[in-house]
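No lab work stands behind these numbers, since they all come straight from the coordinates. Note that the structure is predicted; figures quoted are calculated from it, not measured. Don't worry about glycine lacking a Cβ; one is built from the backbone with ideal geometry, like all the others, and counts go over all protein chains shown.
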Amino acid sequence: MQQITLDIGTPLIPTLDNFFPGPNAEALAYLREWLQGHATGHARAAEACFIAGAPGSGKSHLVSALARAVNEAGASVGILRPDSRVAADFDPAWSAVILEDVHAFDAPVQHAAFNWFVHAQTYQRAVFATGNATPRALALREDLRTRLGGGQIFQLQALTEAQVRAVLQDSARLRGLVLGDDVLDFVLHRFSRDLGSLMPLLTALDHFALQTQRAITIPFIKTMLERL
């Protein structure tokens, strides 16, 4: 059965605390360590970190959480994405640079990314990048691809179904909800299995359960979906 993705509920605000690492604990620990160093003035300078992974693996969650943490500390980061058609000039005030989904960068954005990377090295700023594969497998201009592959590289692994079930059950339990095995089977076979999609769904189920004072069952979920 084809899985579906819904625009439902309040999007999950990405933080490092609500990222379930599973097999990706090393990447999470690396970002925590960098943030700790940044907070104490001992962050590793001019460092490059590349996070590779398939859609839904959590790479965007991680770099968004990193940017949010830096901003909350009163600093700022430069962020370049595929849709950044008019890229800003590099700002020396940035604490770091994030190049998100570099596999989708066209030639002008790749040019901007290379420019940012060179300036980041000059000003001793860290660069964090993400892509759907490791740098050596990406069709990018060679000078950019080489720089992206010159630092720490993490290949994110998808959570197993058992791990996704555990996360959903624990999150539901904290909300005072009970998700039976039949409900979990239904959700995991009908909806996108990445947590970025499933957690907003859980929030919507929680709100609807409070409104209707009903337990969460498969008919309950179908009724909620019909009312969206």
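Here are the numbers:
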quantity: Computed magnitude of the charge dipole of the range 47-123 (debye, nearest 20; Cβ of K, R +1, Cβ of D, E -1); calculated: 120 debye
quantity: Principal axes of the range 22-155: Cα extent on each, largest first, Å; calculated: 37, 35, 24
quantity: Nearest-ten-degree value, helix 218-227 long axis tilted from longest Cα axis of the chain; calculated: 70 degrees
quantity: HN-Hα J in Hz across the range 71-78 - Karplus 6.51, -1.76, 1.60, θ = phi - 60°, x for Gly and Pro; calculated: 5, 5, 7, x, 10, 8, 10, x
quantity: Assigned charges on the beta-carbon of Lys, Arg, Asp, Glu; the chain dipole about Cα centre (debye); calculated: 60 debye
quantity: Cα gyration tensor category, rounded, prolate or oblate, for the range 150-227 with a/c compared to 1.5; calculated: prolate
quantity: Rg followed by Dmax, in Å, when the chain is reduced to its Cα trace; calculated: 19.7, 59
